[in-house]
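Taking it in order: structure first as structure tokens, then the write-up.
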Amino acid sequence: METPSYNPYQVAQSQFDKVAAILELDDGVKELLRQPMREYHFTIPVRMDDGKIKIFKGFRVQHNDARGPAKGGIRFHPMETIDTVRALSMWMTWKCSVVDIPLGGAKGGVICDPHHLSLKEQEQICRGWVRQIARNVGPFSDVPAPDVMTNGQHMLWILDEFEAIHGGRYPGFITGKPVGMGGSQGRTEATGFGVIFVLREALKEMGIAPEKTTASVQGFGNVAQYAIRMYTQLGGKVIAISCWDQADKKAYTYCKKNGVNVEELLGISDKFGGIDKNRARELGYEMLPGEKWLEQEVDILIPAALENQINNSNVQNIAKSIKVIVEGANGPTTPEADEVIKQRNIMLLPDFLTNAGGVTCSYFEQVQCNMNYFWEKNEVLEKLDVKMTSAFKAVSELARQKKLYMRDAAYVIAINRVAQAVTLRGWA
Ligand code: GLU
């Protein structure tokens with residue numbers, strides 16, 4: 001579904017330019033914020049299981065740290081590019097700002113496909129990644145976390161190597177760690193649950209009862225799984241999930257009219273969120289082409305996979321019935337598609353607001369690590385709900401007052417805070 005001309009960094013910059021104009025930002029501030037402050041490109045040599053050395057390419061981009069240490073995940077992806085990482089680092093700055101946590105924005109990546117790497121090889125990539133960047137990251141400068149195709153185990157290898165290099169224990173250096181190893185309760189659930197807390201508030205304002213709604217989801221990774229669970233808990237019904245079948249190396253839309261069941265699908269999925277289509281058929285799922293998730297006659301679309309999934313080539317296919325699009329992924333909608341969605345008066349809940357639950361819980365994890373005192377899961381999830389709900393209300397209120405598209409309203413709040421921080425620091 002990638003469009004050849006798509007460049008996420010250009011998308012992030014064009015979204016920024018549009019709002020910088022609304023805010024009438026000073027030229028210096030604008031120039032500073034429309035690009036990353038620092039970026040690192042490096043090689044990671046790994047001795048593969050067959051005895052040969054393979055060189056992987058790694059990145060870390062720190063977009064802005066005026067409001068606090070740079071924060072953001074590390075992705076493992078075979079198609080990773082520096083421009084994707086740049087865009088994602090920028091989106092992290094706005095994400096931390098819109099939920100008002102004292103952190104900046106960063107992102108990292110490694111060009112690799114963990115489907116074809118043993119755990120030992122993945123461990124070496126993690127250790128190699130941090131060896132190359134250990135002087136430029138740390139609990140008070142740049143704090144990584146999991147992202148696409150990385151998890152708590154990867155984070156712990158990275159932390160262990162960092163601590164070996166620096167000779168001490170620095171649990172606040174990385175978040176998304178396993179519970180019991182400095183991780184927070186609720187971190188795994190946080191992004192997906194947060195997505196649905198925002199959806200719940202939006203539906204409330206729209207006067208729609210969640211139990212009367214249906215949804216179609218793209219993706220079946222960590223974000224999608226917990227979003228589906230929480231949405232189902234609110235009484236909603238997910239009737240379609242679009243995701244990858246590893247054997248066919250293509251996406252299908254898995255449909256079940258009386259509602260999909262996360263637990264049964266987990267039994268037939270791999271750890272990267274791919275679902276076995278033959279076994280799904282046995283469980284009563286009907287298989288449609290991957291892109292059909294957009295065309296389902298439901299109320300809500302939840303893109304929770306990757307960037308550039310709703311674009312010029314498919315935005316016209318969005319079913320007439322759609323009332324809300326809730327962006328669980330980072331950057332799933334292109335600016336051209338945004339225009340169409342806006343014209344159609346669909347309520348769009350933008351990525352960096354909607355999926356900020358992950359980094360908000362990461363912030364809670366840092367706070368707990370600093371105190372060396374860990375909260376119960378309910379306490380974490382309640383605090384998360386408060387943060388997500390108040391961020392949504394502020395954005396929705398501004399959108400109403402100034403008649404702005406929700407993405408633009410979220411940007412106005414986020415960019416304003418960062419612009420103030422760089423100005424107060426005397427950077428621009
Ligand atoms: N990777 C997640 C995101 O894109 C979480 C980042 C973090 O916790 O630092 O928001």
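The values are calculated or read from the model by the stated rules, or taken from the named source; none is laboratory data. Please read all numbers here as calculations on a predicted model, not as lab measurements. Because the Cβ atoms are built from the backbone with ideal geometry, glycine has one as well, and the counts that use them run over all protein chains shown. Quick note on the areas: whole protein, heavy atoms, side chains included, nothing else; ligands and nucleic acids left out. Shrake-Rupley method; radii C 1.70, N 1.55, O 1.52, S 1.80 Å.
Using a simple spin-label model with pseudo-atoms 7 Å out from Cα toward Cβ, Asn314 and Leu283 lie 2.2 nm apart. Sparse packing (at most 12 other Cβ atoms within 10 Å of the Cβ) combined with a DSSP loop state is found for the following GluC sites (Glu not before Pro) in the range 284-321: Glu297. Couplings for the range 347-364, taken from phi via the Karplus curve 6.51 cos²θ - 1.76 cosθ + 1.60 with θ = phi - 60°, read 6, 9, 9, x, 2, 6, 8, 5, 9, 6, x, x, 6, 5, 5, 4, 4, 4 Hz in order; Gly and Pro are left as x.
For the range 1-95, the list of GluC sites (Glu not before Pro) that fall in a loop by DSSP and count at most 16 other C-beta atoms within 10 angstrom reads Glu2, Glu24. In the elastic network of the chain, a GNM with C-alpha springs shorter than 10 Å, the most mobile of Pro45, Pro178, Pro144 is Pro45. Residues whose amide H lies under 5 Å from that of Ile310, counting only those 5 or more places away or on a different chain, are Thr333, Thr334; hydrogens are built 1.01 Å from N in the peptide plane. Using a Gaussian network model of the chain whose springs link C-alpha atoms within less than 10 Å, name the residue from Leu301, Leu33, Leu203 with the highest mean-square fluctuation. In the Gaussian network model the winner is Leu203. In the context of the full set of protein chains, the chain has a per residue accessible area of 40 Å² (1.4 Å probe). When only Cα pairs below 8 angstrom with a gap of at least 6 residues are kept, the range 335-413 shows a relative contact order of 37 percent. The range 124-149 and the range 233-263 have Cα centres separated by 33 Å. Lys-Lys pairs in the range 42-164 that are eight or more residues apart or on separate chains and whose Cα atoms lie under 23 Å of each other come to 8.
Each stretch of four or more DSSP H residues adds -39500 (n - 2.57); spread over every residue of the chain, this sum gives -14000 deg cm²/dmol at 222 nm.
Residue by residue, the range 80-92 carries 3J(HN,Hα) couplings of 4, 9, 5, 5, 5, 5, 4, 4, 5, 5, 5, 4, 5 Hz when phi is fed to the Karplus relation 6.51 cos²θ - 1.76 cosθ + 1.60 (θ = phi - 60°); x denotes Gly or Pro. Each residue of the range 60-65 was assigned a 3J(HN,Hα) from its phi angle through the Karplus expression (A = 6.51, B = -1.76, C = 1.60, θ = phi - 60°), giving 9, 10, 10, 6, 7, 10 Hz with x at Gly and Pro. For the range 31-137, applying the loop criterion from DSSP together with a ceiling of 13 other beta carbons within 10 Å to the trypsin sites (Lys or Arg not before Pro) yields Lys52, Arg135. Taking every C-alpha pair closer than 8 Å and separated by at least 6 residues, the mean separation divided by the residue count of the chain gives a relative contact order of 17 percent. Share of carbon and sulfur in the accessible area of the chain stands at 51%, probe radius 1.4 Å. Scanning residues 5 or more positions from Ile74 or on other chains, those with amide H under 5 Å from its amide H are Gly108, Ala145, Asp147, with H placed 1.01 Å from N in the peptide plane.
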